[in-house]
Amino acid sequence: MHAIHWPEQYLPGTTDNYVSNEVIVQGLTAAEVWPYLNDTREWPHYYSNASKIGFDGGKGPELSAGARFRFTTFGLDVEAEVTEYEPPVAGSPARVAWRAWVDGSEEVALNVLHAWLIEDLPGGRVRVLTQESQIGKPAVGLRNAKPNPMLNAHQDWLEGLVGAAEKGKQSAR
């Protein structure tokens with residue numbers, strides 16, 4: 001199985017907070033899951049923690065290399081830029097990552113890298129992995145919260161993404 005490509009600044013274990021979520025399901029392919037992550041118009045339909053999504057420079061609503069966008073998550077207005085973008089192709093996993101940030105004082109400033117990997121596995125299975133590494137005082141608060149809101153919200157995102165892909169596959173029949 002493949003792994004996330006981490007820039008040194010965001011290397012897990014060296015930042016203020018890190019979460020990892022993964023699902024492996026049978027009956028879907030990376031190509032069937034990808035459109036529901038790639039097209040940001042889909043996000044609010046299956047993940048309630050993403051809203052007010054907009055793009056800069058006439059890009060979007062689909063993600064693309066270098067695209068700058070913004071969205072609201074965890075009650076924060078976040079700026080983001082896609083730093084890695086590889087749609088699925090036979091034999092290679094799909095990858096997308098964005099650097100996201102909230103500007104402000106030390107109390108509110110946040111800098112994160114959120115990465116996704118979607119890969120086909122033997123036996124008609126697909127693996128969807130999402131990991132996020134965060135720097136800043138708000139990240140420390142998230143890390144110390146129990147239950148962990150990042151871990152739980154990202155699991156909701158994964159399950160919603162897979163559910164949307166399954167629904168899309170059924171309605172295409």
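Coordinate-derived values only; no laboratory data. Everything numeric in this text was worked out from a predicted model, so none of it was measured. No Cβ is skipped: glycine too gets one built from the backbone with ideal geometry, and neighbour counts run over all protein chains shown.
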Got at least one residue in region 64-85 being in contact (Cβ under 8 Å) with a residue 40 or more places away in the chain, surrounded by 15 or more Cβ atoms within 10 Å (Cβ to Cβ) and either part of a helix (DSSP H, G or I) or in contact with a Ser or Thr (Cβ under 7 Å, 6 or more places away or on another chain) (or both)? no
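I need the full set of residues from region 63-88 which are of a type outside the set (Ser, Thr, Tyr), out of contact with any helix residue (DSSP H, G or I) (no Cβ under 9 Å at 6 or more places or on another chain) and within 22 Å of Met1 (Cα to Cα), in order please. Break it down into steps so the answer makes sense when it comes.
Kept after step one, since they are of a type outside the set (Ser, Thr, Tyr), are these residues of region 63-88: 63, 65-71, 74-82, 84, 86-88.
If we keep only those that are out of contact with any helix residue (DSSP H, G or I) (no Cβ under 9 Å at 6 or more places or on another chain) as well, we get 65-70, 75, 77-82, 84, 86.
Residues satisfying the conditions are Glu84, Glu86.
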Condition set part of a loop (DSSP other than H, G, I, E, B) and over 16 Å from Ala80 (Cβ atoms), scope region 33-63, selection farthest from the chain's Cα centre (by Cα): answer is Gly58
Any idea how many residues of region 116-173 are surrounded by 21 or more Cβ atoms within 10 Å (Cβ to Cβ), in a helix (DSSP H, G or I) and touching a Phe, Trp or Tyr at 6+ places or on another chain (Cβ under 6 Å)? 3
Could you grab the pairs with beta carbons closer than 6 Å, sequence gap of 6+ or different chains, first residue in region 123-149 and on the phi > 0 side of the Ramachandran plot, second one part of a strand (DSSP E or B) and small (Gly, Ala, Ser)? none
What is the residue count in region 99-109 for residues that are touching a residue at least 24 places away in the same chain (Cβ under 8 Å) and either crowded, with 22+ Cβ neighbours inside 10 Å or over 20 Å from Pro7 (Cα atoms) (or both)? 4
Complete set of residues in region 34-76 that are touching an Asp or Glu at 6+ places or on another chain (Cβ under 9 Å) and either of a type in the set (S, T, N, Q) or within 13 Å of Ala164 (Cα to Cα) (or both): Pro35, Tyr36, Asn38, Asp39, Thr40, Arg41, Tyr46, Tyr47, Ser48, Asn49
From the residues in region 6-32 that are under 12 Å from Glu132 (Cα atoms) and surrounded by fewer than 13 Cβ atoms within 10 Å (Cβ to Cβ), which one is farthest from the chain's Cα centre (by Cα)? Gly13
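Step by step: first the residues of region 112-122, then only those that are touching a residue at least 40 places away in the same chain (Cβ under 8 Å) and of a type outside the set (Gly, Ala, Ser), then the one that is farthest from Gly75 (Cα to Cα). Which residue is that? Before you say what the answer is, go through the steps one by one.
Kept after step one, since they are touching a residue at least 40 places away in the same chain (Cβ under 8 Å), are these residues of region 112-122: 112-113, 115-121.
Right, trim to of a type outside the set (Gly, Ala, Ser) and you get 112-113, 116-121.
Details: Val112: 16, Leu113: 18, Trp116: 22, Leu117: 25, Ile118: 27, Glu119: 31, Asp120: 34, Leu121: 36 Å.
Going through the qualifying residues, I end up with Leu121.
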